[in-house]
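The values are calculated or read from the model by the stated rules, or taken from the named source; none is laboratory data. On a predicted model such as this, the values are computed, not experimentally measured, just so you know. Cβ: placed from backbone, ideal geometry, glycine included. Neighbour counts: every protein chain shown.
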Amino acid sequence: MNFSPNFHSFVFCFIKPETFVKIHYMKKSLLTLFLSFIILQSFGQGGNDIKLSSLPYYNYGKGLGLTSPDSLFQFNIRFRIQNRMGYNRDENGNPSFDAQVRRLRLRFDGFVGDPRFVYVMQLSFAPGDVGEVVEGQNLNIIRDAIVFYRPNKHWNFGFGQTKLPGNRQRVNSSGALQLTDRSINNAKFNIDRDFGVQVNYLHEEKSKFSYNVKTAISSGEGRNWTKDPDDGLAYTGKIELLPLGSFTKDGIYFEGDQAREKKPKVMLSGAYHFNKNARREQGVLGKDLYEKRDLKAVFIDAMFKYSGFAFQAAYMSRDTDDPETVSEEDGSKRTVYVGHGYDLESSYLFKNNFELIGRYSKLLSAEKISLKYPDQTEFTLGLTKYMWEHAFKIQSELTFDQFEYYDGTEKGSWYLRFQVEMGI
């Protein structure tokens with residue numbers, strides 16, 4: 001219907017101009033609401049089902065995560081890269097250069113059905129992580145694959161493959177280290193990962209005496225083992241004492257005082273590991289032995305942090321009744337590494353996020369294997385620049401190793417490393 005100008009004049013005679021403007025804007029608002037309703041209805045029908053209520057919730061914390069609207073599952077993804085270059089001089093003075101992707105990892109975690117049921121998966125892809133490809137043996141891509149049940153803040157029960165509750169430096173992620181790698185003692189004695197059942201009781205208070213008790217029963221063969229089973233298992237128990245209360249931001253799980261503790265914090269821990277009928281040189285690591293052995297390992301750790309200063313000390317040992325195994329076919333031998341060692345590591349984090357680190361390590365072979373393995377002393381000085389805590393850092397390290405042989409001779413080697421780590 002068309003209205004003449006006379007009609008508009010007639011309307012304005014009875015309606016004030018301000019009222020007419022209000023009516024005009026009301027009509028525009030109603031039109032906008034109507035169009036919005038039509039658009040939402042079109043998205044909610046047919047093949048393009050994009051209802052707003054079905055979109056996941058995203059979060060950006062440790063990695064990139066999403067949670068379903070009904071909170072029935074949560075998925076979080078993280079990655080980590082370590083790129084390294086180094087200059088080395090070995091015991092005989094021969095120089096060499098080393099350049100590699102030291103670590104490349106993907107991690108996934110979250111829950112399914114109920115936040116009390118948690119999963120953790122971690123995959124590794126760098127050559128040093130996967131290890132040498134041997135015909136007929138598994139490719140070690142899977143590092144962690146475990147499901148936890150956490151009924152409350154104190155208890156958690158795990159089933160699957162992950163780290164055993166061993167020495168502190170090994171339990172910490174390699175992405176949470178101050179230096180470019182762990183110590184020589186960790187390389188010889190750590191109990192790494194295994195498949196089994198873990199039960200942990202955690203009792204941490206911010207400013208009160210706290211403690212954690214961690215236990216595991218596992219296969220004793222190490223990660224991704226699928227060869228013939230045997231009748232031996234590994235048993236691990238650990239207790240952690242926090243006499244001055246818990247560390248800020250779970251500070252026992254990363255090296256250095258990134259949190260700049262406002263009050264002194266101390267951790268003391270001890271762990272014992274018994275591996276019955278172990279089939280590898282280091283229990284869960286190393287080449288296969290020609291005969292099975294019962295292995296016993298002890299780990300003692302101490303940590304102190306306050307106002308940017310950090311100190312940690314560690315003792316590790318392994319023993320067995322007879323470390324030497326002999327092949328029935330050709331008489332060749334493989335030996336369990338037995339002995340003990342200790343680490344002392346100290347650091348200070350400056351306000352510009354440069355950190356100066358020093359470490360001293362001593363590795364002592366047991367007398368019964370001293371003909372094959374020399375004692376070793378290691379001195380390390382490092383400088384790290386934290387761009388974003390441990391997630392993005394630039395590291396440099398100078399290390400000198402001294403080897404002492406059974407006949408009294410000594411040889412030395414050293415290396416200079418540069419490493420960049422980035423991850424979320």
Open item on the list: Could you check region 246-270 and list, in sequence order, the residues that are touching a helix residue (DSSP H, G or I) at 6+ places or on another chain (Cβ under 9 Å) and hydrophobic (A, V, I, L, M, F, W, C)?
Closed with: PHE247, ILE252, PHE254, ALA259, MET267
Open item on the list: Whether any residue in region 372-386 is surrounded by fewer than 18 Cβ atoms within 10 Å (Cβ to Cβ), assigned by TED's automatic domain parsing to the domain that holds ARG334 and over 28 Å from ALA99 (Cβ atoms) is what I want to check.
Closed with: yes
TODO: Pull up region 245-278, narrow it to residues that are on the phi > 0 side of the Ramachandran plot and among the basic types (Lys, Arg), then point me to the one that is modelled with the highest pLDDT.
DONE: ARG260
- [ ] Could you run through region 216-234 and say how many residues are among the hydroxyl-bearing types (Ser, Thr, Tyr) and free of Cβ contacts under 8 Å to residues at least 40 places away in the same chain?
- [x] 1
Task: Residues (closer than 30 Å to ILE141 by Cα and modelled with pLDDT of 95 or more) located in region 221-244 - done: LEU233, ALA234, TYR235, THR236, GLY237, LYS238
Task: Subset of region 174-203 that is in a loop (DSSP other than H, G, I, E, B) and of a type outside the set (Asp, Glu) - its residue that is surrounded by the fewest Cβ atoms within 10 Å (Cβ to Cβ) - done: ARG182
Task: Criterion violated by ARG334 - all others in (1) modelled with pLDDT of 95 or more; (2) crowded, with 17+ Cβ neighbours inside 10 Å; (3) under 24 Å from ASP294 (Cβ atoms) satisfied - done: (1)
Task: Per-region count, region 205-243, residues crowded, with 20+ Cβ neighbours inside 10 Å and small (Gly, Ala, Ser) - done: 5
Task: Members of region 395-424 that are surrounded by fewer than 15 Cβ atoms within 10 Å (Cβ to Cβ) and touching a Gly at 6+ places or on another chain (Cβ under 8 Å) - done: LEU398, PHE400, LEU416
Open item on the list: LYS351 - would you say it is closer than 23 Å to GLY382 by Cα, buried (at least 17 other Cβ atoms within 10 Å of the Cβ), within 27 Å of the chain's Cα centre (by Cα) and basic (Lys, Arg)?
Closed with: no
Open item on the list: Suppose the filter is within 18 Å of the chain's Cα centre (by Cα) and at pLDDT 95 or above; does SER218 pass it?
Closed with: no
TODO: Having 1 or more residues that are free of Cβ contacts under 8 Å to residues at least 24 places away in the same chain is the bar; report the strands (runs of 3 or more DSSP E) wholly within region 70-157 that clear it.
DONE: 95-112, 114-124
Task: Residue tally, condition modelled with pLDDT under 95 and either under 25 Å from the mean Cα position of the chain (by Cα) or closer than 30 Å to GLY160 by Cβ (or both), over region 81-97 - done: 0
